[in-house]
Amino acid sequence: TMVAAYAFENADLVTKLVIPNSVTTIAKYALRSMSSLQELSIPFAGVSRTATELDGLFGQVFGDTEYEGSYEARQQFGYSGGEYQFNYVPSTLLKVTLTDTISIPAGAFSSIWKLREIILPEGLQIIGSHAFKSTINLGSILFPEGLKTIEYNAFHDSGLSAVVIPNSVESIGGSAFAGMDHLQSFTFEKGSVLQSIGAEAFSYSKKLRSFVIPSTVTSIGMLAFRHCDALTSISFEPGSMLTVIGHGAFSYLFAITSFTIPRGVTVIEDSAFRSCSLLQTIIFEEGSQLTSIGDLAFESTALRELSIPSNVVSIGRSAFSNITEFESIHIPSSVSAIDSDAFRGDSNLVIYAASYSMPIGWEHDWNSENLRVIWGSR
């Protein structure tokens, strides 16, 4: 049940190796110097099914000493990824099949950058943090049914161009698919139960073109889609359960022109849509439950006109500043607080306020541009 250290050392003519599921341990250096290896089938990543931290790294079975035909992989381990191990992997190895594990440890395949294909096993439930980070030549991956969690940084800076997420996945961690230079398509199977999209989950994936958020998602983390420069469409499945749009979640999207905010959203946090320079239209679904618009939430967008939903209580500092083509905004009587410089730089704006006079909770410099205000407007 064990593959011993140096068991295959210098088996330099072997191009394909299958290690059966009956094996429980693959020792460090077990596959060292297999310089012609192209395909490897193994039960698990790392030295055992339960291995974590350093021993959970795929490169450990090849070892940390250089040999002819190898390349250096600077592998991260631990949840935070703050520790590194240099392992040496055959340059010829392009395909790995995992056959019998429910989890892939943190950092397992990080920086195995020549890997082109990985086949995941049925029964897999967790893909750990950094698991495939910087696998820049990884061209495709098929996620198995039953997968539940994709953790922090799991595919950051990988080479995937298209991803289909099984309907069993419940959470996508922070930066899980961030910085992916080739990612163009990201879809969810029908019936998705996804609940959360983590902070920076897709940030700087600059070729991603469209995105449909499952109805079961209740929160979108800070900076989740920041600088997805090619995104022209973000939409929500009918019956969205979203309640919070996180800080900067949709900031710096330079191609998007319109956005519909689901009725259940209660909070738009600071900088949520900041610098979406072509964003002209915001639509609030009928019956909007929105209560709060954060600081700089729509700063430097291209809004033309807007009617604030009737449940909104507060508008943050500079929330609608530097919108040069902004022509009209309707503010309901429910708004009891507007912070400083809310409309700074909006020289063409006319403000239609339902209140008959300035509420006590509006800052003295809320209208720092001395824009025209029509009080008592309905």
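The values are calculated or read from the model by the stated rules, or taken from the named source; none is laboratory data. Only a predicted model underlies this, so the values are computations on that prediction, with no experimental measurement involved. Here the Cβ is made from the backbone with ideal geometry for all residues, glycine too, and neighbour counts use every protein chain on show.
Does segment 211-221 include one or more residues that are modelled with pLDDT of 95 or more, outside any loop (DSSP other than H, G, I, E, B), under 11 Å from the mean Cα position of the chain (by Cα) and within 13 Å of residue 241 (Cα to Cα)?
yes
It is to be established whether one or more residues within segment 150-160 are under 26 Å from residue 56 (Cβ atoms) and free of Cβ contacts under 8 Å to residues at least 24 places away in the same chain.
Restricting attention to segment 150-160, the residues satisfying the condition of being under 26 Å from residue 56 (Cβ atoms) are 150-160.
Checking the rest, the ones that are also free of Cβ contacts under 8 Å to residues at least 24 places away in the same chain come to 160.
There is at least one residue in segment 150-160 that is under 26 Å from residue 56 (Cβ atoms) and free of Cβ contacts under 8 Å to residues at least 24 places away in the same chain.
How many of the residues making up segment 263-287 are within 22 Å of residue 227 (Cα to Cα) and touching an Asp or Glu at 6+ places or on another chain (Cβ under 6 Å)? Break it down into steps so the answer makes sense when it comes.
Step one: of segment 263-287, the residues within 22 Å of residue 227 (Cα to Cα) are 267-283.
Then keep just the ones that are touching an Asp or Glu at 6+ places or on another chain (Cβ under 6 Å); that gives 270, 274.
The number of residues fulfilling the criteria is 2.
Quickly run through segment 103-132 and pick out the residues that are in a loop (DSSP other than H, G, I, E, B) and β-branched (Val, Ile, Thr).
If we filter segment 103-132 for residues that are in a loop (DSSP other than H, G, I, E, B), which is where we start, we get 105-116, 120-125, 128-132.
Result: 112, single match.
Output the residues belonging to segment 56-69 that are surrounded by fewer than 22 Cβ atoms within 10 Å (Cβ to Cβ) and in contact (Cβ under 8 Å) with a residue 24 or more places away in the chain.
64, 65, 67, 68, 69
Take segment 71-98 and flag every residue that is modelled with pLDDT of 95 or more and either over 23 Å from residue 35 (Cα atoms) or of a type in the set (Phe, Trp, Tyr) (or both).
Once the filter is applied, which keeps residues that are modelled with pLDDT of 95 or more and either over 23 Å from residue 35 (Cα atoms) or of a type in the set (Phe, Trp, Tyr) (or both), segment 71-98 yields 71, 86, 88.
Can you pull out every residue in segment 1-31 that is under 21 Å from residue 94 (Cβ atoms), part of a loop (DSSP other than H, G, I, E, B) and under 35 Å from the mean Cα position of the chain (by Cα)?
19, 31
If I filter segment 306-316 down to residues being assigned to a loop (DSSP other than H, G, I, E, B) and not hydroxyl-bearing (Ser, Thr, Tyr), which single residue comes out as farthest from residue 333 (Cα to Cα)? Full working, then the answer.
Taking segment 306-316 first, the residues assigned to a loop (DSSP other than H, G, I, E, B) are 308-313, 316.
Narrowing the set further to residues that are not hydroxyl-bearing (Ser, Thr, Tyr) leaves 308-309, 311-313, 316.
Numbers: 308: 10, 309: 10, 311: 9, 312: 9, 313: 9, 316: 16 Å.
Only one residue tops the list, namely 316.
Starting from segment 346-367, take each residue that is touching a residue at least 24 places away in the same chain (Cβ under 8 Å) and list its partners that are of a type in the set (Ser, Thr, Tyr) and part of a strand (DSSP E or B), counting only C-beta distances under 6 angstrom and pairs at least six apart or across chains.
Final answer for the pair search is 350/328.
Residues to consider are 132, 177; find the one that is crowded, with 24+ Cβ neighbours inside 10 Å and farther than 21 Å from residue 246 by Cα. First the steps, then the outcome.
Working: 177 fails: farther than 21 Å from residue 246 by Cα.
Exactly one of 132, 177 is crowded, with 24+ Cβ neighbours inside 10 Å and farther than 21 Å from residue 246 by Cα, namely 132.
If residue 297 passes every condition in (1) part of a loop (DSSP other than H, G, I, E, B); (2) surrounded by fewer than 20 Cβ atoms within 10 Å (Cβ to Cβ) but one, which one does it miss?
(2)
Before we move on, is residue 271 in a loop (DSSP other than H, G, I, E, B), on the phi > 0 side of the Ramachandran plot and in contact with a Ser or Thr (Cβ under 8 Å, 6 or more places away or on another chain)?
On the way: in a loop (DSSP other than H, G, I, E, B): yes; on the phi > 0 side of the Ramachandran plot: yes; in contact with a Ser or Thr (Cβ under 8 Å, 6 or more places away or on another chain): yes.
Spelling it out, residue 271 is indeed in a loop (DSSP other than H, G, I, E, B), on the phi > 0 side of the Ramachandran plot and in contact with a Ser or Thr (Cβ under 8 Å, 6 or more places away or on another chain).
Could you count how many residues in segment 180-204 are in a loop (DSSP other than H, G, I, E, B), within 20 Å of residue 255 (Cα to Cα) and over 9 Å from the mean Cα position of the chain (by Cα)?
Counting residues in segment 180-204 that are in a loop (DSSP other than H, G, I, E, B), within 20 Å of residue 255 (Cα to Cα) and over 9 Å from the mean Cα position of the chain (by Cα) gives 6.
What's the number of the only condition in (1) crowded, with 17+ Cβ neighbours inside 10 Å; (2) within 22 Å of residue 148 (Cβ to Cβ) that residue 32 fails to meet?
(2)
For segment 23-40, how many residues meet the condition of being touching a residue at least 24 places away in the same chain (Cβ under 8 Å) and either among the β-branched types (Val, Ile, Thr) or over 18 Å from residue 6 (Cα atoms) (or both)? Spell out the reasoning first.
Just the residues of segment 23-40 that are touching a residue at least 24 places away in the same chain (Cβ under 8 Å), to begin with: 24-40.
Checking which are either among the β-branched types (Val, Ile, Thr) or over 18 Å from residue 6 (Cα atoms) (or both) leaves us with 24-26, 38-39.
Selection size over segment 23-40: 5.
Scan segment 275-294 residue by residue and report those that are crowded, with 21+ Cβ neighbours inside 10 Å, in a loop (DSSP other than H, G, I, E, B) and out of contact with any Phe, Trp or Tyr (no Cβ under 7 Å at 6 or more places or on another chain).
294
Taking residue 102 as meeting all but one of (1) surrounded by fewer than 16 Cβ atoms within 10 Å (Cβ to Cβ); (2) on the phi > 0 side of the Ramachandran plot; (3) in contact (Cβ under 8 Å) with a residue 24 or more places away in the chain; (4) not charged (D, E, K, R), write down the number of the exception.
Among (1) surrounded by fewer than 16 Cβ atoms within 10 Å (Cβ to Cβ); (2) on the phi > 0 side of the Ramachandran plot; (3) in contact (Cβ under 8 Å) with a residue 24 or more places away in the chain; (4) not charged (D, E, K, R), the lone unmet condition for residue 102 is (2).
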